[in-house]
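K.L.:
First the structure, which I've put down as structure tokens, then a few questions once you've had a look.
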Amino acid sequence: MILEKVIREIETVVGRENILTSPEDRWCYAFDATDLAYLPDLVVFPGSAAEVSRILLLANEHRFPVTPRGAGTGRSGGSVPIEGGVVLVLTRLNRILEINTKDLVAVVEPGVILGKLKAAVEEQGLYYPPDPASADFCTIGGNVAECAGGPVAVQYGITRDYVLGLEVALPTGEIIDTGTRTMKGVVGYDLTRLFLGSEGTLGVITRIILRLVAKPAARQTLAAAFGSLKAAAEAVSRILASGLAPTALEFIDRVTLGCIREMLPFAVDLKAAALLLIAVDGHPHDVEERAGAMARFCEEQGARPVIRARTPEEAEQLWKARKVISPALKKVKPQKVSEDVVVPLSAIPDLITALEDLSRRRGLIIPCYGHAGDGNIHVNVLYDRALPGEMEAVEPTVEEIFTLVRRFQGTLSGEHGIGLTKAPYLGMELSPAAIAVQKRLKQAFDPNNIMNPGKIFPQPPKARAREQEGI
């Protein structure tokens, strides 16, 4: 618990109106997009980097934990306050400070909604590519903390490829600047990359300098239906090796397709086992030629039919359907665990085949979809708590999924991060020596372990034994 006198001190920093103390209000900030929920002792909305710094100084003095939070859209429990303390909500820091069309940079605060940033940049004829499914409500600060990706990563890269510099409030209260606003910079250690994907465990990001690129003049979208999952998976690496350079290359299996079928702008054969959703962008003449070549190439790989979106509205409808896949899966089962594994492109068919076998053996539905173009497959384990045995089968199934991924030389997370949910499995990918080095880094930045404790690194059973409470 946080002492009353400390709460009064925090009030002097941010103002009484920017603190939530009632249980009902605090519950709204107890969870993210997982099913985990831990009640914080206090919710605070700072309005500046200086206010963040002062709160962190108080946290160090009085030894209470601080969990940074954006919009709470994370899928690994990263913003869940497992040890209580203060949830530091950064949504008041929501200004786009600069869009510089000459330097091709934007300077933003962490609470800016990603979709609003993308729209503001595009109004200036520029483009900020990272585009996770939650773009309409996730914050850029959360994207940086988790190193978010999205469908166009196959061509444009992910969040880390666009972050040039940061302002960060350290757990010990200092405010530092990292990186540059130039396209190159190798002065000292690359602290910017260290904070990227650090999940709020090393500091609080209070300002971000982003690299922008030219807005593509044209884009076309195609949907290629395949009669088997393996055929669709095998087509992925062939498409990437063809030289046709897709902007996005998404994989959607039969179960997933059934959940969004009614949203598609055209009919897809009920016998289709998988759909590849493909985009190409660039100069209008080049895009037209590449889209036609892409359609022919997919047909050569066995796709029937290959449908090109006839209008921008049809293309938009296709991508809207793609973005709602995650919640749409609850049409099949009320609960799910969503993993974001990545395997080498050559291993995608083997992973898909192995997951089909796992689904049969475990008696659970395991739909797959995601960013096949960079090997990032979203593997979902669907279950119903009310059905005997299903919930108990989930954890061993997830562990077996991770075992398969590591057998195929893949990684446990491509976008969601480790957070709380994947922490028990960290040792499947990182050696004890590698984990020890990372813990020493954490200790150097955060000697009193106030910054989002309990995340990334496996915790002793007692530290993780606090059960989630109902909301």
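The values are calculated or read from the model by the stated rules, or taken from the named source; none is laboratory data. If you're wondering where the values come from, they're calculated on a predicted model, not measured in any experiment. Cβ sites come from the backbone with ideal geometry, for glycine too, and all protein chains shown count toward neighbours.
K.L.:
Among residues belonging to the range 122-164 that are in a helix (DSSP H, G or I) and hydroxyl-bearing (Ser, Thr, Tyr), point out the one that is nearest to the chain's Cα centre (by Cα).
P.N.:
Here the residue is 159.
K.L.:
Another question, then. Name, by its number, the condition in (1) surrounded by 20 or more Cβ atoms within 10 Å (Cβ to Cβ); (2) at negative phi that does not hold for residue 147.
P.N.:
Unmet for residue 147, out of (1) surrounded by 20 or more Cβ atoms within 10 Å (Cβ to Cβ); (2) at negative phi: (2).
K.L.:
Would you confirm, using the coordinates I've provided, whether residue 317 is in the same structural domain as residue 226 (by TED's automatic domain parsing), within 26 Å of the chain's Cα centre (by Cα) and touching a residue at least 40 places away in the same chain (Cβ under 8 Å)?
P.N.:
So residue 317 passes the test.
Conditions (1) buried (at least 20 other Cβ atoms within 10 Å of the Cβ); (2) over 24 Å from the mean Cα position of the chain (by Cα); (3) not in a helix (DSSP H, G or I), marked per residue:
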position	(1), (2), (3)
13	yes, yes, no
17	no, yes, no
24	no, yes, no
40	yes, no, yes
47	no, yes, yes
50	no, yes, no
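K.L.:
Search the range 52-84 for residues being of a type in the set (Lys, Arg) and buried (at least 20 other Cβ atoms within 10 Å of the Cβ), and hand back the single one that is farthest from residue 448 (Cα to Cα).
P.N.:
75
K.L.:
Continuing with this model, one more query. Would you check which residues across the range 158-198 are of a type in the set (Phe, Trp, Tyr) and surrounded by 16 or more Cβ atoms within 10 Å (Cβ to Cβ) and list them?
P.N.:
162, 195
K.L.:
Restricting the first residue to the range 405-432 and requiring it to be of a type in the set (D, E, K, R), which pairs with a second residue that is assigned to a loop (DSSP other than H, G, I, E, B) meet a Cβ separation below 6 Å and a spacing of at least six or different chains?
P.N.:
These pairs meet every condition: 415/148; 415/149; 422/76; 422/412; 429/412.
K.L.:
I would also like to ask the following. Going through the range 259-284 one residue at a time, which ones are surrounded by 16 or more Cβ atoms within 10 Å (Cβ to Cβ) and of a type in the set (Gly, Ala, Ser)?
P.N.:
Listed by number, the residues that qualify are 272, 273, 274, 279, 282.
K.L.:
Anything in the range 85-132 that is of a type in the set (Gly, Ala, Ser), touching a residue at least 12 places away in the same chain (Cβ under 8 Å) and surrounded by fewer than 20 Cβ atoms within 10 Å (Cβ to Cβ)? List them, or say none.
P.N.:
Correct list: 115, 120, 125.
To keep it simple, each residue is scored yes or no on (1) part of a helix (DSSP H, G or I); (2) in contact with a Pro (Cβ under 8 Å, 6 or more places away or on another chain); (3) modelled with pLDDT of 95 or more; (4) surrounded by 21 or more Cβ atoms within 10 Å (Cβ to Cβ).
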{"site": "394", "(1), (2), (3), (4)": "yes, no, yes, no"}
{"site": "399", "(1), (2), (3), (4)": "yes, no, yes, no"}
{"site": "406", "(1), (2), (3), (4)": "yes, no, yes, no"}
{"site": "418", "(1), (2), (3), (4)": "no, no, yes, yes"}
{"site": "433", "(1), (2), (3), (4)": "yes, no, yes, no"}
{"site": "437", "(1), (2), (3), (4)": "yes, no, yes, no"}
{"site": "440", "(1), (2), (3), (4)": "yes, no, yes, no"}
{"site": "468", "(1), (2), (3), (4)": "no, no, no, no"}
